[in-house]
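The structure appears right after this line, and notes come after that.
The values are calculated or read from the model by the stated rules, or taken from the named source; none is laboratory data. A quick note: this is a predicted structure, and the numbers were derived from the prediction, not measured. Every residue, glycine as well, gets a Cβ built from its backbone with ideal geometry; the counts of neighbours run over all protein chains shown. With ligands, DNA and RNA removed, areas are computed over all heavy atoms of the protein, side chains included. Shrake-Rupley method; radii C 1.70, N 1.55, O 1.52, S 1.80 Å.
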Amino acid sequence: MNYTKEVSEDEIKFSIVFLKSLLFLVLTIFPIELLGQDDATIQQGKTLFNTHCAACHKVNRKAIGPALAGASERYDREWLYSWIRNSSAMIAAGDPIAVALFEEYNQSVMTGFPQLSDQDIDNILAYTDYVPEVVQAAQLTTATEGPSETPTLYKIFLIGLVIVLVLLVVMLYFIQKRLIKIKTQVESDFRPDPKIDPIWKAFVKNQFLVFSTVVLLFLVGLYQLYGYMMQIGIDKGYQPIQPIHFSHKIHSGDNQIDCKYCHASARVSKHSGIPSLNICMNCHRNIAEYTGEEDLAAGYDQEFYTAEIKKIYAAVGWDEENQVYTGQTQPVRWVRIHNLPDFVYFNHAQHAQVAGIDCQTCHGPVEEMEVLYQYAPLTMGWCIDCHRETSVDLLGNEYYQKVHEELSKKYGVEQLTVAQMGGLECAKCHY
Amino acid sequence: MSEEKIYWKGIHQLDDSNADLSDLEQREFAEKLPSDLFGKQKESDDQSPTRRDFLKYLGFSTAAAAVAACDGPVIKSVPYVVKPEQIIPGNANFYATSYWDGYDFSNILVKTREGRPIKIEPNSDAPDFYQTNARVHASILNLYDTQRLQTPKANQADISWDDLYLRVREKLDILYQNNQTVVLLTSSIISPTTMDIINQLTAKYSNIQHIQYDALPAQGVLDAYQDKYGERAMANYDFSSSKVIVSIDADFLGDWQNGGYDSSYVKSRVPDESDKKASMSYHIHLESNLSLTGANADKRMPLKPAQLKKVLAHLYQKICLGFDVGDEDSEIQSIVDHILEKININPAKAVVVSGIESKAAQSMVLAINEKIQSSAFLPEQPLYFKKGDSLAIETVSRGISGGQIKGLIWHGVNPVYTSPIGQQLSQQIQNLDFSLALSTVKDETAVLAKFVAPTSHYLEAWHDYHPKKGHYNIAQPTIRPLFHTKDFQQILLDLADIPMSHVDYIKNYWQNNILIDSNWNQVVHDGFYLKNEPDQPIEFSEDTEPIDALAFINAVDSPMSLILYPKISLGDGQQAANPWLQEMPDPISRVSWDNYLTVSISDAKKIGIVNTTNSHGAIDGSIVQIKVGNRELEVPALIQPGQTPGTVGLALGYGRKQGVKNEMQIGVNAFELLLNHKRHQNVEITPIKGKMHEFACIQLQNTVMGRGEIIKETSLEEFNTQEKEYYNPVVHVSKNHMEVPVRSQEVDAWRSFDHSIGHFFNLSIDLNACTGCGACVIACQAENNVPVVGKREVRRSRDMHWLRIDRYYSSHESFKEDHKKAEETAWFGEAFGTFRKLEKAAENPQVVFQPVMCQHCNHAPCETVCPVAATVHGRQGQNQMAYNRCVGTRYCANNCPYKVRRFNWFRYNKNKEFDYHMNSPLGRMVLNPDVVVRSRGVMEKCSFCMQRTQKTIMDAKLEGRQIKDGEFNTACAQACTSGALVFGDVNDKTSKVAKLKNSKRKYYMVESIGTKPNVMYQLKVRHTDKSKNHAITKEV
C-alpha cells in the first residue's frame, strides 16, 4: 500500500462519513458517555425542572402542559426563551405558535419564569431531552430481567429440595428395616408379664385420676370457651383486601404525607373520614406512574402500583389522554376496617385535635403498613385503660382551664387523668 | 301352635294382585302430607320437602347462622367521589328556609347531615314567624314518605316528563283553540313570584282561570278587612303588651288566622318577680269546645254559638255605638258587663279578637279594636295568609257540571277530601277530559287525575313568600329531589314556554321588584327579608256605617250544635300520613290516633254516652250516629270536660284514605259535614246501643286529686302581696315527729353529689309560659329517634315519647278548691268517698299543662334498683342510660316516681308489624345519626339531649374557649319559642337557668320523696278575678 499517494476527494468524503457514523454509533450505544460529560448540566436541569416545571409538565407525557421531551427540537431556542419567561405576552402579541399552543391546552396560562437565565433554560432542556430514554431503558431492563431470573432460582432451589427429600425417604426406609429386624430378634427373647395392665386400663381403674382429669378438662374447656367467646366480634388484625390497593406505607411512610392531609375531617368531626377521590387527585393528577421502591417478593412492582393509580382514574372519571374529567364516576366501595358498634360514640376531633394524640396510638404503625389492618382491639376495656392512665395535657385550651384547675385541686394531683375529668361516665360514649 | 292372626281391613286386602293396596300398605300415611305447610308448594310433588328435609334445613341453617354470627359482617364504606366543600361527614349543616303549606307559616332552620335533612329548628334570627309548632317540626318526615308521588303519570301509568309535557301541551292547545275554560285551582298563593308565573301562564293560555281555594277559609275576616281598609288581608295582632285579652271563639294558640301567636301571647303571661307589682294579662275566653287557647285562659266561659254572637254584638253596641239595651238573658249580660269592666280599666291595653266566621262579626271586631285604640291591634301590617274564596269550589263544581269548565289543573289542594261536596266533585273530575294534578302525594284528588305531575317537597324546592306587609321570605332546597319531581312553579314555567329555571326566575323577580338594600345571597342565607314598605293606610273613620248587630242579638241556638275544629296535631289533615303527628296525643283530650265527638258531661248523661276504662287501663267510648243535614256518620264519643252543654265538637283532618298507609287511615272525615264551609252546624245525635270504640288515650288520671306537690299554683294577687313561703312553701317531711324541710341535709338518706365543678345542667319549665302546644314533643321525637308504636300499643300504655305534656283538670271550679277539699277531707276522705269525687273533672274545669320528661334526679330511685348498673349518675347532672348495658328487668321504670322511662317491648325499626317511617330505608333517612336506635328489650328515656351538650362542649374545645349561656340547649327547649323551657348550665352563675333556679316560683315535682331532680318547675300564677263567678250556660 502506498500511503504517500494522494487520497482522492471521494475517499476523504467517505472517511468523513465513516467517522461521523462511527461517532454516531458510539454516541447512541454509549449515551452514558455523553451523560458523563454533561452530567452537571443535566443535574442542574433536573433540579430546576422539579422546582419550576414538574407541577404542570411531564417529560414524556402530556399533563396540564405538553410533554417536554424534544421541546428543544420542536421549537426555536430563542422562541423558547421568550415563551418560558413570559408566555402571556407572546399570546397577547399574537405569536401564531404561542396562540396555537394556548388554544390546544384549554387556554391554561403558563406561569412566567423571568428569573430563569438562558443557561438555566438550556439546562432544563438538556435534562428533558436526554433523561427519559435512559430511565425508561433502565426500567425496562429491570422489569424484564426480574421475573425471568426468579423462576430459575426457584427451580434450582426446588430441585435441591426434592433431592434432599428423596434421600431422606430412602434413609428412613433403611432405618425402619433395620429396626424391624432388631425388634423381631428382641421379641423372640422377651415376653411381657400378662398380669400388668396396660396403662389406659390402670388409668380407668383409678377413680381419683379420672375425676381430677375430668375436672381439669372441664376447666380447661371452660377457659378455652371463655377465650373463644371473648374474641367474638373483636377484629384485631382484620386486614381485608381493598378494591384499590392503597399503600399507607408509600403515602405516609415513604412520602411522609400527614395523616390529616387526607383524613382532614379528623380535625373537626367525629369521623376521620375516608378521603374522597378528589383528594387523591390533588396529587395523582400529576402522579400517573409509580416510580418508587418495589416489593418484588410480594409482587408489588411498579407496574402493579401504576395499575392501581389507573383504578383511581377510572373511579373518578379522569381521562388521562386528554387531561379532562369525563364526569363518569364510579364510587369506590372500600371495606371498612375499624367498626365501632352503633351504640358507641367516638370523636376523632376530641382525640386527634383537642388532645393531640398521634393517630398511631390507636391505629398502629400505619406508615409501615402496605395493607392496612386493625391494630387495636377496639374493646371497651381498651378504651377505658387508656382513659384511666392518660394524663390530660391541655395547656392553652381555654375551655379546660377553669375546670382543670378546680378538679386537680379536688383530687390533689398535678395532672388529671381522662377518667378524673369524667371520661369514664357511661353517657360520655353511649347515648 | 299359635299363629299370628292377620286382621284385615276390608275385602280388597285379600286380593294380592291389588298393587295400589300393597303400595298403600307400605306407606306411613295414606295421603301425602300437605307439604305447603313448610312454605310454597313445589310444582312437582316429588320435590316438595318432607318433614325430615325441613328439619334438616332448619338444623343446618341454625348451625350456619350460629357459625356465621361469630364473624362480623363486611361493611362497605363509600366516600364521595368529589366531596362538596361545605359537607364534613359527622358535622351538621344548617340552612335557613321557610315553611308554608297553606296552614302554617314559619321561618325555620333545617339541620342536614351528610346532605340529608334530619330536623327542623326555629330560625331564631327571624323577627317574626319564628315559632315552629308540632306540625312544622313533623313536616320533615313527609319528605321521606314512601307514599309520595315519584314519577309523572298519565292514566295511572308512569311516563317521562317529556311525554307528560307533550301530552299536556297537546290537550291545553286544543282547549285553548276552542277557547274552553281550564281552571287552575290552588291554595292561597302568598308568593309574589308564583303569582307572577301564574300570570305568565294565563297570559299564554288566556283560557286558564286561576282560582284560590282554602280548605278552611277565612271569608269573613277577609271581607271585613277589605271593606274597611281596601285590601284582601287579615289584621295582625301582637298580644305581648296587652293587659286584657278578650277572645270570642278565637283559638289563636290553634289555627285562628293561621296561628303563630304563642310567643307574643306568652310574653304577656309571665309575671316579672322582681317587680313588686308584677302584672300579667287577663285573658277572657268564650268558646264552645275546650280549645288550647281556652285551656290557657284565666277566665273561660263555655257558651253556645249563638250566645257567642250575642256577647260580641252587645260589646260592639256598647263600645262603638255607645248604647246597648242589654240582653234579656241576665247571664249573657253579666258576662258582657264583666268584659266591659275589664276593658274600661285601660282600653288601649285591651284587645278583642273573634273567630266567628262572618263578615259582620269580623267588622265588629275591627270596629271595637279601632274604637278602643288597642295597642295590640295592628291593621297597618296585615297578614296575607288567606286569599281564597270559601265558595270557590262550588263555583268550580257548577262550572264542570254546566260544561263551561273543560279542564282542571290543581296544586296544593285536595278538594275531594276537604270540601263538603267531595263526592260530587270526585265524579265530575273523573268525567273531565283534561285533569292535571300537580301534587306531592297521591291524595284523594290526585288519584282521579288523568295526568299527574309530581311536585317536590318543600325541602327540595325553591319558593318565596310574602306573608305580611314588609316581610318577605325565601325557601331554599336542602336536598336534591329524591324522586323525579319538579317545583310546582317550574312546571308552570315549562308549560308557559319560559326557558328559565325557577330559582333564576325568583332571583330575577326579587332583584327587579323586591330587593332594595340587600343582596340575594344574604337573603338566601337569612331566609327572610324585611322591606321598608309603607304601612297600610288606616283611616279612623268616625262615620262608618253601623253594623247591624240585631241579627246577632236575636240569634237562636239549635238544641245541639256541632263545632268542627282542626286538631293541634293533624291540623287540616294534609299531614295525615305523618306517624309522628298521628301518635302525638291531643293536648286537651290526650287521645292519639283518633278523632271523636267531644261531648259535655251533662249531655253524655242525657244521651247515654259512656266512657269506660277496661282492665288494661284503656278507655272505650260509645259510638253514636250524628246527622248533619242529610249526612250521617258514625263516630266515637269522648266525654270532654269544658265542652259547652248543647254543643259537640269533631276534629277535621282525619279519615284520609289515599296516599296514607293503612295504619294511618284512621278516624272519620269531618269535612263532609262542613256544609257551606261553616264550622258550626246543627246536629242530631243518636246513640248506638252496645257499640263501643277503643281509644288510645295516653293519660287516664285527669285530675291531680288535690296533690299540690305535682301542680303548684297561686293567684297574681297572692304572688304580689305574699311572701314566697306562703304560696310556694318548701315541702316538710316528718323526722322523729318533727317537721323538717325536705331540702335539709338532715332528712337525706344519701350523700349528696358534688356538682360544683364543670357543667351542671338544669332545665326549668315555666307553667305560666307553657301553652301545651306540643312542639317540644315532636322536636324530641325527631332529635332522639323516638319510635312510633301505633294505636294498639299506645292503648296498652306502651307509648315511647320521652317527653309528654300532662294535662290536668280541676275537679272543682279551680285547683285551689281541689287542694282545699283534699286537705279538709284528709282524715275521713277515704271513708266517705270524697277522694273519689276528686277524681272527676268539673264541667268547666281549670286546666294546667305540665311537660314531664326524665327529671334527672340527683338521688334517682331508678339508679339504685338497676341490677346491672345500666343507669348511673353523671357529674354534669344527667341521669345516664347505657342501652348496651341494659338487660331489660324494668325495675327502674317501676321505681320511677315520674313514670318517664320507656321500655322497648318490640324492635320498632325494620319490623313490618310497625310499618311507620322506621320500616323503610327512605323513612330511616330522618334518623339522627348521633343517637343510637334502641333495640328490643332495653329501657330508654330522656337523656337531656346528651348528644347536643357533647357537641357544644366539643365545639368549645376545638375553638379553645369558654361556653356562653344559650349555647347549651335541648331539642325541647329549643323548640319552645314561648320560652317555657329553659335549659342551661347552673354553674354558670350568669346563665338564665341559674337565675330561674333562684326564682321565687321554683318548685320540684313531688319533692317530698327527696329525689332532688335537675328539672325544676316555675309554679303557675293565675290572674284570677275575685268578682262573682259567671254561670255556665243554662242547660237546654
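Condition test on B:VAL872, is it away from chain A (no Cβ under 14 Å), surrounded by fewer than 21 Cβ atoms within 10 Å (Cβ to Cβ), more than 30 Å from B:ARG116 (Cβ to Cβ) and not aromatic (Phe, Trp, Tyr)? Outline the logic, then answer.
On the way: away from chain A (no Cβ under 14 Å): no; surrounded by fewer than 21 Cβ atoms within 10 Å (Cβ to Cβ): yes; more than 30 Å from B:ARG116 (Cβ to Cβ): yes; not aromatic (Phe, Trp, Tyr): yes.
Here the answer is no, as B:VAL872 does not meet what is asked.
The C-beta contact set for region B:178-193 (first residue under 27 Å from B:ASP504 (Cβ atoms) and open to solvent by 10 Å² or more (accessible area, probe 1.4 Å), second residue in a loop (DSSP other than H, G, I, E, B) and of a type in the set (D, E, K, R), distance under 8 angstrom, 6+ apart or interchain) comprises B:SER187/B:ASP214; B:ILE189/B:LYS387. Screening region B:483-531 for helices (runs of 4 or more DSSP H) wholly inside it with 1 or more residues that are among the basic types (Lys, Arg) returns the ranges B:502-509.
May I ask you to verify whether A:GLY221 is open to solvent by less than 90 Å² (accessible area, probe 1.4 Å), without any contact (Cβ under 8 Å) to a residue 12 or more places away in the chain and out of contact with any helix residue (DSSP H, G or I) (no Cβ under 9 Å at 6 or more places or on another chain)? Give the steps one after another, and end with the answer.
On the way: open to solvent by less than 90 Å² (accessible area, probe 1.4 Å): yes; without any contact (Cβ under 8 Å) to a residue 12 or more places away in the chain: yes; out of contact with any helix residue (DSSP H, G or I) (no Cβ under 9 Å at 6 or more places or on another chain): yes.
The answer is yes for A:GLY221.
Run down B:ARG135, B:ARG113 and say which single residue is at pLDDT 90 or above, within 30 Å of B:SER263 (Cα to Cα) and within 14 Å of chain A (Cβ to nearest Cβ).
B:ARG113
Pull up region B:976-1006, narrow it to residues that are surrounded by fewer than 20 Cβ atoms within 10 Å (Cβ to Cβ) and among the small types (Gly, Ala, Ser), then point me to the one that is farthest from B:ALA769 (Cα to Cα). Going through the qualifying residues, I end up with B:ALA994.
For every residue, the table says whether it meets (1) assigned to a loop (DSSP other than H, G, I, E, B); (2) in contact (Cβ under 8 Å) with a residue 24 or more places away in the chain.
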{"site": "A:LYS260", "(1), (2)": "no, yes"}
{"site": "A:GLY292", "(1), (2)": "yes, yes"}
{"site": "A:THR306", "(1), (2)": "no, no"}
{"site": "A:ASP342", "(1), (2)": "yes, no"}
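With the structure loaded, tell me whether B:GLU85 is out of contact with any Pro (no Cβ under 6 Å at 6 or more places or on another chain) and either away from every other protein chain (no Cβ under 14 Å) or within 26 Å of B:ILE568 (Cα to Cα) (or both) or whether it fails that test. When the stated conditions are applied, B:GLU85 does not pass them.
Is it the case that A:VAL164 is at pLDDT 85 or above, over 57 Å from the mean Cα position of the chain (by Cα) and among the β-branched types (Val, Ile, Thr)? Working first, answer last.
On the way: at pLDDT 85 or above: yes; over 57 Å from the mean Cα position of the chain (by Cα): no; among the β-branched types (Val, Ile, Thr): yes.
The answer is no for A:VAL164.
Inside region A:324-338, residues that are in a loop (DSSP other than H, G, I, E, B) and either facing another protein chain (nearest Cβ under 9 Å) or out of contact with any strand residue (DSSP E or B) (no Cβ under 8 Å at 6 or more places or on another chain) (or both) make up a count of 10.
From B:TYR144, B:TYR130, grab the single residue that is open to solvent by less than 10 Å² (accessible area, probe 1.4 Å) and in contact (Cβ under 8 Å) with a residue 60 or more places away in the chain.
Numbers: B:TYR130 fails: open to solvent by less than 10 Å² (accessible area, probe 1.4 Å).
That would be B:TYR144, the only listed residue that is open to solvent by less than 10 Å² (accessible area, probe 1.4 Å) and in contact (Cβ under 8 Å) with a residue 60 or more places away in the chain.
Let's see how each residue does on (1) modelled with pLDDT of 80 or more; (2) in a loop (DSSP other than H, G, I, E, B); (3) open to solvent by less than 30 Å² (accessible area, probe 1.4 Å); (4) touching a Pro at 6+ places or on another chain (Cβ under 9 Å):
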| position | (1), (2), (3), (4) |
| --- | --- |
| A:ALA89 | yes, no, no, no |
| A:ILE97 | yes, no, no, no |
| A:PRO114 | yes, yes, no, no |
| A:GLN119 | yes, no, no, no |
| A:ASN123 | yes, no, yes, no |
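Restricting to region B:739-762, name every residue that is aliphatic (A, V, I, L, M) and either modelled with pLDDT of 85 or more or open to solvent by less than 70 Å² (accessible area, probe 1.4 Å) (or both). Result: B:VAL740, B:VAL742, B:VAL747, B:ILE757. I'd like the residue in region A:344-370 that is of a type in the set (D, E, K, R) and outside any loop (DSSP other than H, G, I, E, B) and, out of all such residues, is nearest to the other protein chains (Cβ to nearest Cβ). So, considering only residues that are of a type in the set (D, E, K, R) and outside any loop (DSSP other than H, G, I, E, B), the one nearest to the other protein chains (Cβ to nearest Cβ) is A:GLU367.
Spot the failing condition for A:CYS386; the list is (1) surrounded by fewer than 19 Cβ atoms within 10 Å (Cβ to Cβ); (2) more than 8 Å from chain B (Cβ to nearest Cβ); (3) out of contact with any Cys (no Cβ under 9 Å at 6 or more places or on another chain), and only one is missed. Failing condition for A:CYS386: (3). Among the residues of region B:878-907, the ones that are under 27 Å from the mean Cα position of the chain (by Cα) and within 14 Å of chain A (Cβ to nearest Cβ) come to 2 in all. Taken across region A:228-241, residues that are touching a residue at least 24 places away in the same chain (Cβ under 8 Å) and loosely packed, with under 13 Cβ neighbours inside 10 Å do occur, with at least one present. When B:CYS862 is tested against (1) modelled with pLDDT of 90 or more; (2) away from chain A (no Cβ under 14 Å), just one condition goes unmet, and that condition is (2).
Against the conditions (1) over 21 Å from B:THR949 (Cβ atoms); (2) outside any loop (DSSP other than H, G, I, E, B); (3) among the polar types (S, T, N, Q); (4) within 14 Å of chain A (Cβ to nearest Cβ), B:GLN850 satisfies every one except (4).
Go through B:ASP497, B:ASP557 for me and flag whichever is of a type in the set (D, E, K, R), touching a residue at least 24 places away in the same chain (Cβ under 8 Å) and open to solvent by 50 Å² or more (accessible area, probe 1.4 Å). Let's see the steps before the verdict.
Numbers: B:ASP557 fails: open to solvent by 50 Å² or more (accessible area, probe 1.4 Å).
Sole residue among the options that is of a type in the set (D, E, K, R), touching a residue at least 24 places away in the same chain (Cβ under 8 Å) and open to solvent by 50 Å² or more (accessible area, probe 1.4 Å): B:ASP497.
Just checking, which of A:GLN323, A:GLN328, A:GLN401 is within 30 Å of A:GLU308 (Cβ to Cβ), without any contact (Cβ under 8 Å) to a residue 12 or more places away in the chain and out of contact with any Pro (no Cβ under 8 Å at 6 or more places or on another chain)? So that I can check it myself, show each step before the final result.
Details: A:GLN323 fails: without any contact (Cβ under 8 Å) to a residue 12 or more places away in the chain; A:GLN401 fails: within 30 Å of A:GLU308 (Cβ to Cβ).
When all the criteria are applied, what remains is A:GLN328.
When A:LYS428, A:LYS410 are checked against the criterion of being open to solvent by 40 Å² or more (accessible area, probe 1.4 Å) and within 14 Å of chain B (Cβ to nearest Cβ), a single residue qualifies: A:LYS410. Looking at region B:923-931, is at least one residue more than 25 Å from the chain's Cα centre (by Cα), within 11 Å of another protein chain (Cβ to nearest Cβ) and open to solvent by less than 20 Å² (accessible area, probe 1.4 Å)? Scanning region B:923-931 turns up no residue that is more than 25 Å from the chain's Cα centre (by Cα), within 11 Å of another protein chain (Cβ to nearest Cβ) and open to solvent by less than 20 Å² (accessible area, probe 1.4 Å). Quick check on my filter: what residues within region B:412-447 are open to solvent by 30 Å² or more (accessible area, probe 1.4 Å) and under 22 Å from B:LEU175 (Cα atoms)? Matches in region B:412-447: B:GLN427, B:GLN430, B:ASN431, B:ASP433. Within region A:258-313, if we keep just the residues that are among the aliphatic types (A, V, I, L, M), within 13 Å of chain B (Cβ to nearest Cβ) and within 26 Å of A:TYR325 (Cα to Cα), the residue that is most open to solvent (accessible area, probe 1.4 Å) turns out to be A:ILE274. Just wondering, is there one or more residues in region A:389-400 that are in contact with a strand residue (DSSP E or B) (Cβ under 6 Å, 6 or more places away or on another chain) and not in a loop (DSSP other than H, G, I, E, B)? Scanning region A:389-400 turns up at least one residue that is in contact with a strand residue (DSSP E or B) (Cβ under 6 Å, 6 or more places away or on another chain) and not in a loop (DSSP other than H, G, I, E, B).
Scanning region B:270-295 for residues being in contact (Cβ under 8 Å) with a residue 12 or more places away in the chain and either open to solvent by less than 10 Å² (accessible area, probe 1.4 Å) or of a type in the set (Asp, Glu) (or both) gives a total of 16.
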